[in-house]
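Have a look at the structure below before the remarks.
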Amino acid sequence: MVAREKMPHQDPEKRVDNFDEVALGYSEEQALTEAARCLECKNPKCVEGCPVNVDIPTFIAEVKEGKFDEAIATIKETNSLAAVCGRVCPQEVQCEQYCVLAKKGEPVAIGRLERFCADREREKGVEAPVKAEPTGKNVAVIGAGPAGLTAAADLAKAGHAVTLYEALHDTGGVLTYGIPEFRLPKAIVREEVDYIKQLGVDVKVDYVIGKIKTLDELRTEFDAVFLGTGAGLPKFMGIEGENLNGVYSANEFLTRVNLMKAYRFPDYDTPIKRGKRVIVVGGGNVAMDAARSALRLGADEVNIVYRRGEDELPARQEEIENAKEEGVVFKLLTNPVRILEGENMTVKGVECIKMELGEPDESGRRRPVPVEGSEFVIDADIVIIAIGTSPNPMILSGSEGLEVGSRGTIVVDDSGKTSLENVCAGGDAVTGAATVISAMGAGKLAAKTINEYLKNN
Amino acid sequence: MPYKILEKKQIAPPVHLMKVQASDVAKAAKAGQFIILRIDETSERIPLTIADFDAEEGYVSIIFQEMGKTTKQLAKMSDVDELQDFVGPLGTPADVRKLGTVILVGGGVGIAPVYPQVKAYLEAGNKVISIIGARNEDLLILEDEMKAASDEFHVATDDGSKGHHGFVTDVVKEILDSGEDVARIVVIGPPILMKVAAGMTEPYGVETIVSLNPIMIDGTGMCGGCRVSVGGETKFACVDGPEFDAHKVDFNLLMSRLALYRNEESECLENHECTCRGGN
């Protein structure tokens, strides 16, 4: 079997000093070679692993023949954020997991090929989409993250007048405030949003639904509403010292870096504390993003503290490898007990305890149990808490009758409908923190449901 | 979507009033809420409490004191300029209802956010006693407006140049000692003033409310940078506040967190002033 084409990367030693993209993308030659590895199965399984059902076999066959324009058109039939998905989707547990080649070796690099097609189109200049015939219906989409952008695009393509509301000053949601430049350049997000604007979507930033207007009001102003408000509320551990100066939620740390461009201080006014010894608590992609950002801000040492083992790390393998290559240290089976106070209410270190894995818990993962008497201290001046987020309750004020689950998530049926007539929801606001692509899948489903609803009402 | 500045005037030497066209914000605004603004692409987002608003005319007024780079830049702007971002109304509105006698205290630039509350408490049918204070007479703002909206009005200056010679808290104490049946005290001003006021009113057992102004970014509960400790619990000032029970707030933590970026703030300001001078 021909080996999978390797993704060219920026040299680890150089990249820790800049915020430029790490993965450089396939050349045309590499894309052709990689596409040629596809066996063109009679019964392809890869599509089953894609939450937005991209017609993977067709687009890869097109790449194979050098028909790149056709390939991106095929992808865009179902995926309006191809350049983003090609970069941040966990393909290894989605489409690529189902690839027949994965059984014996390495699957076709579907994500990298998707990225290649999208990047090539962008370099050439994206053609303006044809606007659909207006239906005379209007839809409000709340939240300009992956779910909202996808829903807005599909609804606009169907001919509805779409208004997209965003609370922050920039669109993209987690793509803009959360995922760093070195993993997803913001210029790409901006171009994807421009494409959606060209479809006729009216984008209103600086607009906090729940404060400036309520959901109840929007329901009367619009024929339908989609809620893609995400899971923006940071969780803290509730341990001693968490409010000390130098303790950040990953959301705050990454928002300062990405949205406010604190890494370019003082050219940009928003400051960030550049720690020398940084501890990141958590083992997901957000923890990796925070750790790698801290290194780029000049930290001498970055430790990831995670209470389970290597196999349980929720982050993508690729991101864990990137982090290790760059020098991030993994302190696994370790849990923070308290944050130690130095001078003037600042952080001086974290007292941790060693853990061991016991019986599986309700999530199916083995439950970490503290090892008595194994406490030790890691020195630190910055601590970043990346243990997850939960849905922001702000949308709930003035949304009479909207059913919400125990963890603050909005309850929907399997077509994306909420308990309110003419309101659908999807993405992290429904599932709790998950992936970009699953939010996009939910946005897509909800757009379809809203389309059907608007046909009948 | 830029926001037009309708008016900008200096109302005390380092203090300015700015009226901004933001009709959707004005329609939804209530006393006690705040906005977050950003001047341009490279600026910080800064929270400022709403000083006045008019739903019909569609404007929101803010009052700020020149401190760091952003407020100094704002001070130089005028009615030909625009702000890139102006988000609001944020935070939980003040819990204004008929209680009886309410004392409202504004210290320094904190007089600005007290003003809409004075109007709201009066409208709700309360006896409103307002007390404003500053270091000296020149720094007093909104004196006429406050006086007009209050049943009883007092002034205190640290140097005695106007009204009571001393702190606003002395006047509050006098009123409480006089036997006046006070249902609530609202104090807004520098953290040290709010801390002192909280300590002073506690033995009297009168409900005391403060409006906190920690560092924040988004103002919607997303970053957690504005966390404050209230009664031993961590709260986000942007969504759980900005108003809290003064007797439960950990003011030392608030003050220490406010000082977190002091070095960076001076660096930013120095850079700005160098550039300004260089450009002139």
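Where residues in region A:216-226 are farther than 28 Å from A:Val130 by Cβ and not charged (D, E, K, R), which of them is surrounded by the fewest Cβ atoms within 10 Å (Cβ to Cβ)? This residue is A:Thr220. Quick check: is even one residue across region B:215-227 within 8 Å of chain A (Cβ to nearest Cβ), closer than 24 Å to A:Glu341 by Cβ, under 19 Å from the mean Cα position of the chain (by Cα) and outside any loop (DSSP other than H, G, I, E, B)? Yes, because at least one residue in region B:215-227 is within 8 Å of chain A (Cβ to nearest Cβ), closer than 24 Å to A:Glu341 by Cβ, under 19 Å from the mean Cα position of the chain (by Cα) and outside any loop (DSSP other than H, G, I, E, B). The set of residues from region A:175-200 being in a helix (DSSP H, G or I), away from chain B (no Cβ under 14 Å) and in contact with a strand residue (DSSP E or B) (Cβ under 9 Å, 6 or more places away or on another chain) comprises A:Val193, A:Ile196.
Restricting region A:396-451 to residues that are surrounded by fewer than 18 Cβ atoms within 10 Å (Cβ to Cβ) and of a type in the set (Lys, Arg) leaves a set whose member that is modelled with the lowest pLDDT is A:Arg407. Where strands (runs of 3 or more DSSP E) fall entirely within region A:355-456, those with at least 3 residues that are of a type outside the set (D, E, K, R) and within 30 Å of A:Asn245 (Cβ to Cβ) are at A:376-379, A:382-385. Just wondering, is there one or more residues in region B:43-63 that are in contact with a helix residue (DSSP H, G or I) (Cβ under 8 Å, 6 or more places away or on another chain), under 30 Å from A:Val257 (Cβ atoms), of a type in the set (Val, Ile, Thr) and more than 14 Å from chain A (Cβ to nearest Cβ)? Within region B:43-63 (the criterion being in contact with a helix residue (DSSP H, G or I) (Cβ under 8 Å, 6 or more places away or on another chain), under 30 Å from A:Val257 (Cβ atoms), of a type in the set (Val, Ile, Thr) and more than 14 Å from chain A (Cβ to nearest Cβ)), the answer is yes, since at least one residue qualifies.
Applying the selection to region A:415-434, what residues are in contact with an Asp or Glu (Cβ under 9 Å, 6 or more places away or on another chain) and at negative phi? Selection gives A:Ser415, A:Thr418, A:Ser419, A:Leu420, A:Ala434.
Please tell me if A:Thr150 is away from chain B (no Cβ under 12 Å), crowded, with 21+ Cβ neighbours inside 10 Å, among the β-branched types (Val, Ile, Thr) and under 21 Å from the mean Cα position of the chain (by Cα). Here the answer is yes, as A:Thr150 does meet what is asked. Reported count of residues in region A:247-257, each being more than 8 Å from every other protein chain (Cβ to nearest Cβ) and either in a helix (DSSP H, G or I) or surrounded by fewer than 21 Cβ atoms within 10 Å (Cβ to Cβ) (or both), is 4. Counting only residues that are farther than 25 Å from A:Val329 by Cβ and either of a type in the set (Val, Ile, Thr) or modelled with pLDDT of 95 or more (or both), region A:351-371 holds 0 of them. Could you grab me the full set of residues in region B:86-121 that are in a loop (DSSP other than H, G, I, E, B) and either within 11 Å of the chain's Cα centre (by Cα) or without any contact (Cβ under 8 Å) to a residue 60 or more places away in the chain (or both)? Of everything in region B:86-121, those that are in a loop (DSSP other than H, G, I, E, B) and either within 11 Å of the chain's Cα centre (by Cα) or without any contact (Cβ under 8 Å) to a residue 60 or more places away in the chain (or both) turn out to be B:Arg97, B:Lys98. Counting the residues of region B:140-156 that are of a type in the set (D, E, K, R) and in contact with a His (Cβ under 9 Å, 6 or more places away or on another chain) gives 0.
When residues in region B:125-166 are screened for being in a loop (DSSP other than H, G, I, E, B) and either farther than 19 Å from B:Ala12 by Cα or at pLDDT 95 or above (or both), 6 of them pass. In region A:201-215, the qualifying residues are those that are crowded, with 24+ Cβ neighbours inside 10 Å and facing chain B (nearest Cβ under 7 Å), and the one that is farthest from the chain's Cα centre (by Cα) is A:Lys211.
Of the residues making up region A:75-97, those that are assigned to a helix (DSSP H, G or I) and farther than 18 Å from A:Cys46 by Cα are A:Ala83, A:Val84. Every condition in (1) under 25 Å from A:Thr171 (Cα atoms); (2) more than 14 Å from chain A (Cβ to nearest Cβ) holds for B:Ala26 except the one numbered (2).
Exactly one residue out of A:Lys348, A:Lys273 is closer than 15 Å to A:Val383 by Cα, within 11 Å of another protein chain (Cβ to nearest Cβ) and basic (Lys, Arg), and it is A:Lys273.
Being of a type outside the set (Val, Ile, Thr) and without any contact (Cβ under 8 Å) to a residue 12 or more places away in the chain holds for only one residue in A:Lys157, A:Lys124, A:Lys131, and it is A:Lys124. Reported count of residues in region A:298-317, each being out of contact with any Pro (no Cβ under 8 Å at 6 or more places or on another chain) and surrounded by 19 or more Cβ atoms within 10 Å (Cβ to Cβ), is 7.
Go through region A:16-74 and give me each residue that's among the polar types (S, T, N, Q) and outside any loop (DSSP other than H, G, I, E, B). Result: A:Gln30, A:Thr33, A:Thr58, A:Thr74. Candidates in region B:238-267 are the residues that are away from chain A (no Cβ under 12 Å) and touching a Gly at 6+ places or on another chain (Cβ under 8 Å); of these, the one that is surrounded by the fewest Cβ atoms within 10 Å (Cβ to Cβ) is B:Asp245.
Just wondering, is there one or more residues in region B:183-194 that are in a loop (DSSP other than H, G, I, E, B), crowded, with 19+ Cβ neighbours inside 10 Å, touching a residue at least 12 places away in the same chain (Cβ under 8 Å) and away from chain A (no Cβ under 14 Å)? The answer is yes; a qualifying residue exists. Among the residues of region A:166-178, those identified as crowded, with 24+ Cβ neighbours inside 10 Å and out of contact with any helix residue (DSSP H, G or I) (no Cβ under 6 Å at 6 or more places or on another chain) are A:Glu166, A:Ala167, A:Leu168, A:Gly173, A:Val174.
The values are calculated or read from the model by the stated rules, or taken from the named source; none is laboratory data. Keep in mind the model is a prediction, meaning the values are calculated, not measured. Neighbour counts are summed over all protein chains in view; Cβ atoms, including those assigned to glycine, are modelled from backbone coordinates with ideal geometry.
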